[in-house]
Structure formats: structure tokens, C-alpha cells
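A quick write-up on the structure given underneath.
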Amino acid sequence: MKEKVKYTKILLKELYAFKPTVFIAILLATLISAALPLLRLLLSAFVIQWLMEGVAIREYLLRLLVFIALIGIAQMGNYYFMLYQEENMNHFRDFMRNKIETKYLKLDYPLIIGKEAQERYNNASELTDNNTTLFGRLVTEIIELCSSFLGVVLYINILSQLESLFLVLVGVFLLIVVIFNVWQVKMDRKLFQAKAANSQKLRYLRKVYGESRITKDVRIFQMKDWFKQIEDKTIAEYHRLIKPKVKLTWTESTLVNIGIIGLSALSYIRSVQLIAAGAIPVSSFVIFAGSVTILAQTIMTLVNAIGKMNTSLNETKKYDDFMSQGQIFNHGEGRPLPKEPLSIELKNVTYTYPNNDTSTINNVSLTIKPYENLAIVGENGAGKSTLTNLIAGLLKPDTGEIYINGVAQSEFNISDYYALFAPVFQEKFLLTYSIKETVIQGLPFDELKYNRVLKQSGLTDIISKFKSRDETKIVRAVYPDGVNLSGGQLQKLKLAQALYKDAPVLLLDEPTAALDPIAEHQIYQDYFQFSKDKLSIFISHRLSSTRFCDRIIYIKNGDITEVGTHEELMAEQKDYFKLYEAQAYYYKHDKEEKEEEDEPVVTGGVI
């Protein structure tokens, strides 16, 4: 109950933050929705009463016209609020989606990686998908709940004037509806998995029917009758599963109808008795008789509305779980960034990914000198990218500390800290802008620097082939006249982006992985030019590319096992030597095989 109150406050707070006037609209819509059925009942009663009173035809028509106009205004108001509600719910969904996305962009990186983190975001985001999800249906549910509650109170009050016994009977009726509603919910939960599995089988079978790849098998192996038997069996299983649900629904419907008939019978009997005794006018019969049917329907609406609202409050937990996440890094006032050349020191740094038992980085200590070109190598999964993510402030060490010029990483404001690094990560994703906008990424435009980084990254030749040059839009799925860049072109674009940022530290995670050897060689020749005044950390699987670096560290299972220049590590003949020799043999052997081929041969295998 405590959580329900908490989530109710959250929903009301978000509605108020969106538009305070929405509560006025909810109140008016609630009153109109509850009043409309009663106004129709009163119209029928007054028509009979006016006739029996012998009201003059002109007066009669005038009263009738006024009452019809009143009902018409109420109906128009109800329709207006429906349109208002639909329009505002679309805006409210956008408002909530924006809050969720803004929160996601502000979350520290460790809070958005891993399966659980992604599920938290997905669960919250899905609440804004359409008008059937929480933030699309919320106002509708509030109006339905409030208007049905108000209606129940109103019609119980009317019927209690006829016979106090109605209070007891209505209580029994309400109890029956609630009990059956609880049973229905429990049964739905119980059947959910079995029904989902059965529906999945049927969907698969119907998909298979239209699968062109098996049409020959179906005919040659005479599988038609077999498929039909499986489908019939699956459908029969579905009917068997829902049989208890159907029985429960029939039982509920029967008892509810019996209750309505009983209440109606009592209403008719008491109304006739009171009319015969002269206690009430004949016109009141219409009000009392109609109130019974409306009350029964309103009670069922109220119980269903309570169930829906309970579901919505449970779903609010998904929103709260995501939005209530705190920060991991320092977002407050931090130390000023150093202006002198940077050195980076790692002291006893250990890191383990969420839900992993084994650490990815184990008690690593390392010092990187100012302007040093450092290569980090090792087999896949050794921890190379994790180490650079720790240095860049994307991940926080479990133990140990990282220092920039002797100042602990945690003492810097994290947003300021990110200004120290210009990365090219393995993951490549493009926003739908022009090449120029992508390179500049919102920074002030410097034409000399811009042209220089285009040349250094190898983008100049690529741009010259496009009609719109550097104004060419990328991501053709959005712009029909845009271009889809190849892997190598994309890598050069991301490299240009990093160079334009012109940060003190370059982080290059496989910057040439998608380039051919010739293009790669050219990039490495240029590398000395654009990295000479920076501290550079370079990750590569191609060990031949590490020879230009001042120092190489070899990582194995999260530990630094070798440190030195290319020549020194080759002389030691350990893991680095073995990996280098294996790659050299592969490239040489592959080249010899290609030279011996007289004609093209298509080969296949596991990548």
C-alpha cells in the first residue's frame, strides 16, 4: 500500500509538471461523464411528469428544448474533453519520453551498460510507446476511475431513498463483482505463459506455411496432413487451456445478470408500491428503474477501473526504477583541468563488469608519460578496451585510482574530464547530419583546422567523389540523396572527428580495422604528424601497426604481462612474439596462396 501511494504521487506530480490545467480538465470530464446518464434519466422522468401535470404544449416544448439543449451541451463538452484528452495524452507521452531520454543521456556510462541496465531503460521507454501504454492511457484511466466512483455514490444515494435494503443488496453485488474480478486476474496470470507458448506455436506454423524454402519438402515428403494434425492439436490445446476461463466468465456473467434482475425487480416492486400509496410520482419510476441498470454497469466499470489503475501503478515502478538512478561520477564542482602536458597513472586498478564473477582488469598499475605513443595489444577479450574506458572516465574502478598529473580522476567534474579525450571507439554510429557537421560535432568552426584534419584522416579524397562534397548527408535511410559510407570511409570520418576535437589525449581503439593494408599504412605515416603534441593510446589487433609506438603493453586475462618496444618484446619471445609471428605467417602464407591461384576460387568457412 505504501508503494501504491508513492507511485500515485509520482504520476500526479508528472501530470502537474506537464500541465497543471490538466487536473481542471479531468475534474470537468469526470463530472460530465457521471452526470450524463442521470440527465437522460431525468429527461425521461420529466417528460412523463409534465404530461401528467397537463403542462401547456408551448411550455412543454420549451422545457423539453431547454433540457435537450442542456444534455446536448453536456455531450458536446464530453466530446470536447475526449479530443482534449487524446491530444494532451500525445503531448504527455512526448513530454515523458523526453524526460526518460534526457535522463538516459545524463546517466553515467556504467549505468547504461549490461543487460539489466538496458532492460531498465527499455521498460521505462516502452511506457511511452502509444496510447495503450501507461503514459498514453493515464488520464483516461483517471477519468474512468473517478467518474465511475462518483456514479456509484450518486446512484446508491438515489436508490437508498427508495429502499434502504438496496444498500445491502448493492454491497453484495459489489462483493460478487470484486471476487470474480480477483479470480479473473489470478487465472489470467496463471494461464499467461501457457497461452503465450501456444500462440507462439500457432504463429510459427502459419509462418512456415508461407515459407518458400520448404515448399519442395512439403510436397515430396507429403507433409500437408502432418502440418494439419499439428495445427489441430495446437488449437485444441488452446481451447483446453481457456476452458476454465470461459467457465468462470460464464458464471460471473450469470450471477451479475441475476443480481441486476433482482435489483431491478426490487426497484419495480417498491416503486409501484410507493406510487400506489401516493408517496412518489409516477415519473420517479423511470429514475429508480433506470438507476438500477446504470448502477450495475457503473459498479463493473469501477471494479475494472480499479484493476487497470492497479496495473498502471505497478508499471510506474518501471519508470521510478529508471528515473531514480543516481550518479556514479563527480558531477559537482571539480578541480580545474591541467594546462601542462598530461601524464596518466593507474595504481592498482581493478574492474569487474556487472553480473560477472571474474574481473576484466586485475590490479593494473601503469604510468603513461606526456606525449607518449602507447600501444595496448592482446587477444580478444583480454581487457584492452576496458582499460581505455577506465582511463577515459567511462568506467569507474572497483578498486585503485587513476591520476591525471597526480590528481585523482574522481576529483574532476566528469563533464570537464571528458574534454581531455578525443576517442575513436570500435563501435561506429552516425547521426543523420552532413559529413562536415559530423566532423565538427557542434564545436566552433575553424577552417584551417578543419581542412587539416580532413587531409590527416584521409577524408579529402573521399569527399571529392561526392557531388555535394562535405555537405553530403549520411545515412541514406533518412535522406534519399544521402550516402551510405563503407566501413573504411566511416572509420576515417570518426578519426577526423576525434582530430577536430583536438583534445590532449587521443584514444584510438582499432582505428584502422576496416581499412585495407595500403590505406592503413598511409594512416600510420600520418599518425606521427597529428599525434606528436598529444598523449596517444592505441589499441590494435594487427601487431605490425604497433611498431611506430614508443612503448607496447601486452594484456592477458586482465593483467599486463609484457611491457617494452616492439624490438624488446620480440627479443623476449613471449606471447607478443608468438602472436606477431602467427600473424606474419598468416599474411605471408595467404599472399603466397593468392599468387599461386590461376583463377578465382570462392571459399567459405567460419568467421
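The values are calculated or read from the model by the stated rules, or taken from the named source; none is laboratory data. As the structure is a prediction and not an experimental result, all values here were calculated from the model. Note: ideal-geometry Cβ built from the backbone for every residue, glycine included; neighbour counts use all protein chains shown.
Return yes or no: is GLU116 among the acidic types (Asp, Glu) and modelled with pLDDT under 85? In short, no. Output the number of residues of region 37-67 satisfying the condition of being part of a loop (DSSP other than H, G, I, E, B) and of a type in the set (D, E, K, R). The number of residues fulfilling the criteria is 1. The set of residues in region 157-182 that are over 30 Å from VAL246 (Cβ atoms), modelled with pLDDT of 80 or more and either of a type in the set (A, V, I, L, M) or within 39 Å of the chain's Cα centre (by Cα) (or both) contains only ILE158. The strands (runs of 3 or more DSSP E) found wholly in region 349-447 include none carrying at least 1 residues that are assigned by TED's automatic domain parsing to the domain that holds LEU493 and surrounded by fewer than 16 Cβ atoms within 10 Å (Cβ to Cβ). May I ask you to say which residue of LYS201, LYS245, LYS195, LYS233 is of a type in the set (Lys, Arg) and without any contact (Cβ under 8 Å) to a residue 24 or more places away in the chain? One residue alone meets the criteria, LYS233. Within this structure, ALA265 passes the test of being within 24 Å of LEU38 (Cα to Cα), in the same structural domain as ARG40 (by TED's automatic domain parsing) and surrounded by fewer than 15 Cβ atoms within 10 Å (Cβ to Cβ). At pLDDT below 85, assigned by TED's automatic domain parsing to the domain that holds LYS436, buried (at least 22 other Cβ atoms within 10 Å of the Cβ) and assigned to a helix (DSSP H, G or I): does that describe LEU495? Judged against the criteria, LEU495 is a match. Out of everything in region 102-118 that is part of a helix (DSSP H, G or I) and hydrophobic (A, V, I, L, M, F, W, C), what residue ends up being farthest from GLN325 (Cα to Cα)? Residue satisfying both the conditions and the ranking: LEU105. Out of SER264, SER284, SER271, one residue alone is among the polar types (S, T, N, Q) and either touching a Leu at 6+ places or on another chain (Cβ under 7 Å) or farther than 30 Å from GLN161 by Cα (or both). It is SER271. Here LYS339 meets each of (1) closer than 30 Å to VAL453 by Cβ; (2) modelled with pLDDT of 90 or more; (3) not in a strand (DSSP E or B) with one exception, condition (2). Based on this model, can you work out whether ASN330 counts as assigned to a loop (DSSP other than H, G, I, E, B), polar (S, T, N, Q) and out of contact with any strand residue (DSSP E or B) (no Cβ under 8 Å at 6 or more places or on another chain)? The answer is yes for ASN330. Any residue in region 20-28 that is among the aliphatic types (A, V, I, L, M), surrounded by 15 or more Cβ atoms within 10 Å (Cβ to Cβ), at pLDDT below 90 and under 27 Å from PHE285 (Cβ atoms)? No, region 20-28 has no match at all. Of the residues making up region 448-468, those that are surrounded by fewer than 14 Cβ atoms within 10 Å (Cβ to Cβ) and in a helix (DSSP H, G or I) are LEU448, ASN451, ASP461, SER464. Among residues of region 450-462 that are within 9 Å of LYS492 (Cα to Cα), those with a beta-carbon under 9 Å from a residue that is modelled with pLDDT under 85 and not in a helix (DSSP H, G or I) at least six positions away or on a different chain give the pairs GLY458/LEU515.
Taken as a whole, region 568-577 holds no residue that is part of a helix (DSSP H, G or I), at pLDDT below 70 and surrounded by fewer than 14 Cβ atoms within 10 Å (Cβ to Cβ). Among the residues in region 102-124, are any in the same structural domain as ILE287 (by TED's automatic domain parsing), of a type in the set (Lys, Arg), surrounded by 15 or more Cβ atoms within 10 Å (Cβ to Cβ) and over 30 Å from ASN413 (Cα atoms)? No, because not a single residue in region 102-124 is in the same structural domain as ILE287 (by TED's automatic domain parsing), of a type in the set (Lys, Arg), surrounded by 15 or more Cβ atoms within 10 Å (Cβ to Cβ) and over 30 Å from ASN413 (Cα atoms).
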